[in-house]
Amino acid sequence: MIAKLLPVILLLVGTAGGIGAGIAMAPAPEPEEHAEEGMEAKKEMAEKEMADEDAIQYQYIKIANQFVVPVVEREELASLVVVSLSLEAMPDMEGKVHAYEPKLRDEFLRVLFDHANMGGFRGAFTRSDMLEPLRIALREAAQGQLGNAINDVLIVEISRQDV
């Protein structure tokens, strides 16, 4: 009987320990007067970053064809995910993007297949917290091929069809 309860007891003890550690390690709240100064500084910094970004005019380059990603579960095809991507790039990058498109498609497919194999397209896969790792990986793949001239990779369309 105790052997059946041991996992439940360990789960409760572990959860309580985690909550206690989180409370103990939480940062102390800022005093009110310093908090207002900090908020103003953060607001100014955010406005400055937005002004810097506004100074750069990016161009948006659509990747020619959609990406079709099979989702395999229990050694069987469970669904297909179709993704359309665009690149947010520095001006005059369109020619270089099209020249590197086969390599970019290969890198993007590699990232999409890895995401599918890790279960990234299961369940509520369009939630922003589920797509964020995919966005980051796609951006890093594009920047690996074309450098910092690529600012971002935009997921323009995404859909899943269960089979």
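The rows are residues; the columns are (1) exposed (fewer than 15 other Cβ atoms within 10 Å of the Cβ); (2) within 30 Å of V163 (Cβ to Cβ); (3) under 19 Å from the mean Cα position of the chain (by Cα).
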residue: V69; (1), (2), (3): no, yes, yes
residue: S79; (1), (2), (3): no, yes, no
residue: K96; (1), (2), (3): no, no, no
residue: L109; (1), (2), (3): no, yes, yes
residue: G119; (1), (2), (3): yes, yes, yes
residue: A137; (1), (2), (3): no, yes, yes
residue: N151; (1), (2), (3): no, no, yes
*Identify all residues within segment 121-133 that are part of a helix (DSSP H, G or I) and surrounded by 15 or more Cβ atoms within 10 Å (Cβ to Cβ); write none if there are none.*
M130, L131
*First in segment 134-163 and part of a helix (DSSP H, G or I) and modelled with pLDDT under 95, second anywhere and open to solvent by 60 Å² or more (accessible area, probe 1.4 Å) and among the hydrophobic types (A, V, I, L, M, F, W, C), Cβ under 7 Å, 6 or more apart*: A149/M90
_Test for A64: is it of a type in the set (A, V, I, L, M) and part of a helix (DSSP H, G or I)_ = no
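The values are calculated or read from the model by the stated rules, or taken from the named source; none is laboratory data. This structure is a prediction, so every number in the text was calculated from the model and none was measured. In this analysis, Cβ positions are derived from the backbone assuming ideal geometry, glycine residues included, and neighbour counts consider all displayed protein chains. All accessible areas refer to the heavy atoms of the entire protein, side chains included, with ligands and DNA or RNA removed. Shrake-Rupley method; radii C 1.70, N 1.55, O 1.52, S 1.80 Å.
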